[in-house]
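Data block below; observations after.
The values are calculated or read from the model by the stated rules, or taken from the named source; none is laboratory data. These figures come from a predicted structure and were not determined experimentally. Virtual Cβ from ideal backbone geometry, glycine too; neighbours counted across all protein chains shown.
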Amino acid sequence: METVEQAAPGAGPRAAAGPVRLTQYAHGGGCACKIPPGELEEMVSGLVGAPAAGAAAELLVGLDSGDDAAAVRLSNGTAVLATADFFAPVVDDPYDWGRIAAANAFSDVYAMGGQPVVTVNLLAWPRDVLPFDLAREVLRGGLDIAAEAGCHVGGGHSVDDPEPKYGMAVTGIADPGRLLRNDRGRAGVPLCLTKPLGLGVLNNRHKATGEVFPEAVATMVGLNRDASAAALRAGAVCATDVTGFGLLGHAYKLARASGVTAVIDASAVPYLDGAREAVGGGFVSGGTRRNLAWVAPHTDFGRADEETRLLLADAQTSGGLLVAGEVPGAPVIGELVPASDSALVIR
């Protein structure tokens with residue numbers, strides 16, 4: 001691992017004896033540092049405007065339901081998807097951070113049933129503190145994931161910032177008649193989850209202790225491309241990805257947008273090795289606790305204990321897809337039922 005010590009402003013970084021731990025340069029990590037969902041919704045309330053006059057495309061999905069990406073339909077019938085996602089370091093290894101951030105950004109396109117076609121980098125870097133060699137490794141990680149996704153990288157934008165941040169703005173395409181949307185759920189359909197939970201608490205433990213969790217890294221760098229394609233083949237029309245608002249937060253948004261209740265079987269939800277131990281050790285982010293507080297008024301928790309509630313609300317980074325429908329190879333973790341007094345029911 002590269003070493004560095006802080007230099008005077010404008011002097012550039014100097015080599016030093018200690019290893020660089022990127023997570024120590026961030027107040028939070030990954031999708032756990034999102035603005036809390038309740039505060040975000042209040043902030044953007046009323047910002048859904050009238051269709052832009054003279055627009056070259058028809059808006060199919062905008063801010064209304066809080067879906068994963070915006071979608072417009074061009075005159076030739078193609079749907080164009082647009083999204084952006086970036087965050088502070090979630091792991092100390094710069095190359096892995098770049099890969100995780102890129103896979104997370106592409107996930108929004110896959111969650112809509114699309115294919116990413118071009119992306120640009122978004123980089124904030126404390127140039128007087130951290131060497132550009134580390135930034136280059138971050139960008140290399142993003143480039144490698146883009147290559148795996150079959151997506152062009154066309155440049156990007158960078159700023160000098162006290163806290164390192166990285167991500168991508170992604171443009172994709174899709175069949176407008178086969179979009180996966182979060183407002184198309186219907187009662188009687190099972191719910192599948194394509195990646196295990198626990199990324200947030202393991203990342204928080206990594207930040208606090210320096211322990212490395214290879215299974216968590218492998219999960220985060222994994223593209224949701226195959227899961228998206230499998231959902232489309234299975235005839236699914238409703239999906240979302242599970243990221244910073246946790247499984248419960250994203251399931252709540254899906255249920256609310258679709259006018260149904262989501263029933264989650266806590267015993268069927270897969271978890272990463274060590275996730276429960278991390279919760280028991282207190283490695284729970286503030287973002288996870290805010291997620292739980294946000295959904296609590298709308299949730300019947302049944303007999304779920306506090307540890308289970310926190311895991312279900314755990315703020316994921318580059319998590320899996322939550323699909324309304326059966327996806328081969330993905331566990332069924334619940335179902336959608338007619339709307340009741342609670343948008344979420346844990347059993």
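Odds and ends about this structure:
- Residue count, the stretch 84-142 (criterion: more than 24 Å from GLU215 (Cβ to Cβ), touching a residue at least 60 places away in the same chain (Cβ under 8 Å) and of a type in the set (D, E, K, R)): 3
- Sole exception among (1) touching a Pro at 6+ places or on another chain (Cβ under 8 Å); (2) within 18 Å of SER65 (Cβ to Cβ); (3) not aromatic (Phe, Trp, Tyr) for ARG181, by number: (1)
- Candidates are the residues of the stretch 212-247 that are under 23 Å from PRO94 (Cβ atoms) and touching a Lys or Arg at 6+ places or on another chain (Cβ under 6 Å); the one that is surrounded by the most Cβ atoms within 10 Å (Cβ to Cβ) is GLY244.
- Options GLY274, GLY249, GLY259: the member that is assigned by TED's automatic domain parsing to the domain that holds ARG184, within 19 Å of ALA339 (Cα to Cα), in contact with a Phe, Trp or Tyr (Cβ under 7 Å, 6 or more places away or on another chain) and not aliphatic (A, V, I, L, M): GLY249
For (1) over 28 Å from ASP226 (Cβ atoms); (2) among the acidic types (Asp, Glu), each residue gets a yes or a no:
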{"position": "ALA57", "(1), (2)": "yes, no"}
{"position": "LEU74", "(1), (2)": "no, no"}
{"position": "PRO89", "(1), (2)": "no, no"}
{"position": "ALA102", "(1), (2)": "no, no"}
{"position": "MET112", "(1), (2)": "no, no"}
{"position": "GLU137", "(1), (2)": "no, yes"}
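- Among the criteria (1) in contact with a helix residue (DSSP H, G or I) (Cβ under 7 Å, 6 or more places away or on another chain); (2) within 25 Å of VAL44 (Cα to Cα); (3) crowded, with 24+ Cβ neighbours inside 10 Å, the one LEU60 does not fulfil is (3).
- Pair list, Cβ < 6 Å and 6+ apart or interchain, from the stretch 314-342 residues that are in the same structural domain as ARG289 (by TED's automatic domain parsing) to residues that are part of a loop (DSSP other than H, G, I, E, B) and acidic (Asp, Glu): ILE333/ASP265; GLY334/ASP265
- Hey, LEU311 assigned by TED's automatic domain parsing to the domain that holds ALA239, under 19 Å from VAL279 (Cα atoms), aliphatic (A, V, I, L, M) and crowded, with 23+ Cβ neighbours inside 10 Å or not: yes
- Filtered by the rule that a residue be surrounded by fewer than 19 Cβ atoms within 10 Å (Cβ to Cβ) and not in a loop (DSSP other than H, G, I, E, B), the stretch 272-284 gives ARG276, GLU277, GLY280.
- Tally of residues being in a helix (DSSP H, G or I) and among the hydroxyl-bearing types (Ser, Thr, Tyr) across the stretch 260-271: 1
- Those residues of the stretch 230-254 which are in contact with a helix residue (DSSP H, G or I) (Cβ under 6 Å, 6 or more places away or on another chain), of a type outside the set (Asp, Glu) and not in a helix (DSSP H, G or I), in sequence order: ALA239, THR240, VAL242, THR243, GLY244, PHE245
- Screening the candidates ARG289, ARG303, ARG309 for the property of being assigned to a loop (DSSP other than H, G, I, E, B) and either among the basic types (Lys, Arg) or more than 19 Å from the chain's Cα centre (by Cα) (or both) yields one hit, ARG303.
- Subset of the stretch 64-78 that is under 22 Å from the mean Cα position of the chain (by Cα) and surrounded by 14 or more Cβ atoms within 10 Å (Cβ to Cβ) - its residue that is farthest from ALA251 (Cα to Cα): VAL72
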